[in-house]
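For reference, the structure discussed in these notes is given below.
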Amino acid sequence: MTTAIDLPHAKRTLANGLDVLVHEAHGVPIVAVNLWYHVGSKDESPGRTGFAHLFEHLMFEGSAHHNSGFFAPLQRAGALLNGSTNTDRTNYWEVVPTSALDLALWMESDRMGYLLPALTRERFETQRDVVLNERRQNYENRPYGLALMALTAALYPPDHPYHWVTIGAAADIQGMQFEDVQDFFRTYYHPANASLAIAGDIDAAQAFELADKYFGEIPAGQPPGRVRGAASLSREVRLVLEDRVELPRLYMAWHSPGMFAPGDAEADLVADILANGKTSRLYRRLVYEERVALDVSAYQNSRELGGFFLLVSTAAPGRSLTEIAGAIDAAIHALCAEGPAEDEMDRGVAQAEAQFVYRLQTVGGFGGKSDQLNTYNVFLGDPDYFAADLARYRDASRDSVRAAASDFLAFDRRVLLSIVPRGQIALALDRSDPVSVS
Amino acid sequence: MTPADRSRLPEPGPDPVFHFPFLVRHQLSNGLRVLTVEHDSVPIVMFAMSIDGGLSADLPGKEGLAALTADLVDEGTGDLSAIDVSDALARIGAEYDVEVGADTSTFTLMTLERYAQRGGALLSRILTAPALRESDLLRVRQLRLDRLRQLKDLAPAVAERAFLRLLYRDHPYGHMAIGTDDSLSALTLADAGAFHASTYVPSRSTLVVTGAMPHTALAALANDAFGAWQPATGASPASGGVADPSPGSIASPRVALVPREGAAQSELRIGHLAARRDTPDYFPLAVMNAVLGGQFVSRLNLKLREEKAFTYGARTGFDWRRGRGPFALQASVHTAATAEAIQDCLSEFTDIRGPRPPTEHELALAKASLTRGYPRNFETAQQLSRAVVQLSLFGLPDTYFDEFVSRVNDVTIDEVIRVAQAYLDPARTTVLVVGDRAAVEPSLRELGLGEVELLSPES
């Protein structure tokens, strides 16, 4: 009864340039539609941040032939749907009963082809307020919620596409103009800048036919130019931010390999070995043995123009960030000098393999099979990358992990951010400069 | 090929037929109930053990014990330390998870099929033979106390805690699983040992095994792992169940405020105790909720998010428990909009009871949101396992999932009005606000809901 561990699919490109990827899975009578536009907050410019994400909201407000909310007809048909924007891409997805696939494709294609006639100033202004609420709820009103803004601002220079976070600056959002919407749509929302994945209880030939029926009539657009940007640090930057928090927390961030670049998979393994799970070196020392910290975690944030590697740890009551920083530095030093132990590699690779299998459980939604196909297709131009992706982890060695760690985890090229309770700036690492984020 | 007809939306065809996988029930000789589910998707096996003994099993003064015990069991077994257990889990790529609910504690372990035996054996050791060492208790208890302290920074957690206390007062459902500073600090290894001995017994437990193999093989996995499990000698199983809380006898609505200086938004909870999961009115209530606030295109989300842009999202829901559980709205609204959002919510609670009953269109939308996407709830081993755990938790029939869609579709507008009148009572609704006192208190007083009761974040 066992199925193979892979992600089989077929790919066609429509005459207008739209890539269509189809994966068949017939276990449950549902189909996932997943549409990516290769545009994110990195395509914005300073002073106009937050636009890509605001635009995502507008995509749910109606299009020429269905001039009202996007959710209603789809939810009535039993769909689950959502969208998201990050620095590099914007995605939209629906999971529908097989019987409603036509509806989902009609709706998605209508807003790709015919959005602007339905877009009014009033809708724009309402969604601008919704986004400001989202920003208050998820960033301003959440403990440690401003950390990422402070970190990215310090890691990247002001004109770098990753200097700002996707939600954007509040002042920029308030200042957005309705007139900018049309340009943005024409530049980025067209078949040549999109990738459509259909996965689930559908015959591939039929799926291609439906894709062509609904999307084939949309004029091809000009592939947009790709932003570039290199960034590096030449020193250790120490910052402190006061926040409504009970306990101080330390963030350490480094520039790291970009998505699918050499060293990217190794950076994931470094994160696991250092700080993820009770068996990790830092959990064991900081949380389990010395109880200096409440938690510790690490994350390789792989992105298109380059990644950043993040280590985060919250001090236990009465303990200092200086103690935590000392232990982290010692662990980094040891890993860069000696590399991981054999059993750390075994464990890391076993976990990576299991995660690849678990990822094959859902056809749709964030991280489901349709989303994975689009990840590979948009960033690599190769939807057939699942096995190669897994091989990156299987092929990692003690040497390659040590080399990757030595390469990017440098003490003199990083950002150290202390977030401390308001009025207790002395709890930060020494020599930290106050930073303000809003 | 015919081009797309954009003059109207394509009409979805009839709902595809969906059948919940066939369940097989087994009973091990030690009394453990086992249910197996064949799920032929990816080579994964999932174990889900549900034990009668959730947060409501905490005795007064021992709040937090069920959750502390659940947290402690994987901190070592036999001569394995906490790190060793974690290492063993990682080596089989396992995902291990613990959830302490109102009525039960549920432990899940997912692993690759080729590690199924090892996964079952590991879960068994964790649950049936935990080491329960003093040093681990002290460490885990401290981490939970620190976590509790951090929760005070989180408006939704502060709201949840205060709201449950207002609704349930001293009832066993009236606290958070994590407990309070005082109760958690006082818990000892003896408490955890006694709780484990009396609660983690085969007769109070149900195991669901889901995977891509035949029922007989899944049952064999269960038997290999848990066949030898015997209750601790001398331990008497804890008595089961909690008394049903009274629905509340408050004559008029009341409003309470947890001050949070400078908060950009107010976290709201608006509702009251409503119904038990085994209410015969479950299906009309589910439809009523979908109309009112249970989906994106519900009355409250359309009003508060789409029309007024007060919030990023507002939703209502029942917190289903074996005993009577709350029905409430939750939303985080812009501070300046706090009072108006509350008024809008209370108006909607009132209107659906008669002044503005659901239209045919709303009823259809609500039913569709519950039924038409129903099959996607059963795509993964984890979803199937959790669904079967629900069957056992609430004593639902094995046919429940297959009948769900037709039961929802049978609900009429009159029934929705009837249950709204019977279960939804604006006159005894509690309004809780976590927000900036200086900015919101004056407007809360003008709501006409009586005095504003001030609460501390710890209350």
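Taken together, the values in this text are just the output of simple stated rules run on the coordinates, not laboratory data. Quantities reported herein were computed from a predicted structural model and do not represent experimental measurements. All Cβ positions, even for glycine, are placed from backbone atoms using ideal geometry, and neighbour counts span all protein chains on display.
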Original post:
To the nearest 10 degrees, how steep is helix B:400-409 against the longest Cα principal axis of chain B, on a 0 to 90 scale?
Top reply: 10
Original post:
Order of B:441, B:453, A:108, B:362 from fewest to most other C-beta atoms within 10 Å?
Top reply: B:453, B:441, B:362, A:108
**OP:** Give the distance, in whole Å, between the Cα centre of the stretch A:288-366 and the Cα centre of the stretch B:71-117.
**Re:** 20
**OP:** Would you calculate a helix-derived [θ] at 222 nm for chain B, using -39,500 (n - 2.57) for each DSSP H run of n ≥ 4 and dividing by the full residue count, to the nearest 500?
**Re:** -11500 deg cm²/dmol
Original post:
Does anyone have the angle between helix B:134-151 and the longest principal axis of chain B? Alpha-carbon axes, 0 to 90°, nearest 10?
Top reply: 10
**OP:** Grab the DSSP H runs of chain A that are 4 residues or longer, score each as -39,500 (n - 2.57), total them, divide by all residues and round the 222 nm result to the nearest 500 deg cm²/dmol.
**Re:** -11000 deg cm²/dmol
Subject >> Fully extended contour minus Cα-Cα distance, from residue B:400 to residue B:182, at 0.36 nm per residue >> reply: 74.3 nm
Original post:
Which of the aspartates and glutamates could a cross-linker bridge to residue A:11, judged by Cα under 14 Å and excluding same-chain residues fewer than eight apart?
Top reply: A:19, A:24, A:203, A:209, A:212, A:382, A:384
Original post:
Of A:42/B:303; B:308/B:367; B:303/B:367; A:213/B:303; A:369/B:152, which sit over 30 Å apart, Cα to Cα?
Top reply: A:42/B:303; A:213/B:303; A:369/B:152
Subject >> Relative contact order %, chain B, counting alpha carbon pairs below 8 Å whose residues are six or more apart >> reply: 22
Subject >> Computed over the stretch A:296-364: relative contact order in percent, which uses C-alpha pairs under 8 Å that are six or more apart >> reply: 16
**OP:** Assign one of three labels to the stretch B:23-226, namely rounded, prolate or oblate, based on the Cα gyration tensor with a ≥ b ≥ c the square roots of its eigenvalues; rounded applies when a/c is under 1.5, prolate when it is not and a/b is larger than b/c, and oblate otherwise.
**Re:** prolate
**OP:** Report, in whole Å, the centroid distance computed from the Cα atoms of the stretch A:371-438 and the stretch B:195-215.
**Re:** 40
**OP:** On a 0 to 90° scale, report how tilted helix B:215-226 is relative to the longest principal axis of chain B, with both axes built from alpha carbons and the result rounded to the nearest 10.
**Re:** 70
**OP:** For chain A, with a Gaussian network of springs between Cα atoms less than 10 Å apart, report the residue from A:354, A:271, A:32 with the top mean-square fluctuation.
**Re:** A:354
Original post:
Taking a point 7 angstrom from the Cα of residue B:413 along the C-beta vector, which residues in the stretch B:365-397 have backbone N less than 17 Å away?
Top reply: B:365-368
**OP:** Sort A:22, A:240, B:98 so that the residue with the fewest other Cβ atoms within 10 Å of its own Cβ comes first and the one with the most comes last.
**Re:** B:98, A:240, A:22
**OP:** Kindly point out which whole DSSP H helices in chain A project their C-alpha atoms 20 angstrom or further along the helix axis while averaging a Kyte-Doolittle hydropathy of 1.0 or above.
**Re:** A:321-338
**OP:** Report the relative contact order of the stretch B:254-454, percent, no decimals, based on alpha-carbon pairs under 8 angstrom and at least 6 residues apart.
**Re:** 42
Original post:
Anyone know which of A:47, A:423, A:368 comes out most mobile in the 10 Å Cα GNM of chain A?
Top reply: A:423
Subject >> Rounded to whole Hz, the Karplus (6.51, -1.76, 1.60) HN-Hα couplings of the stretch A:159-167, x for glycine and proline >> reply: 9, 7, x, 9, 5, 10, 8, 4, 5
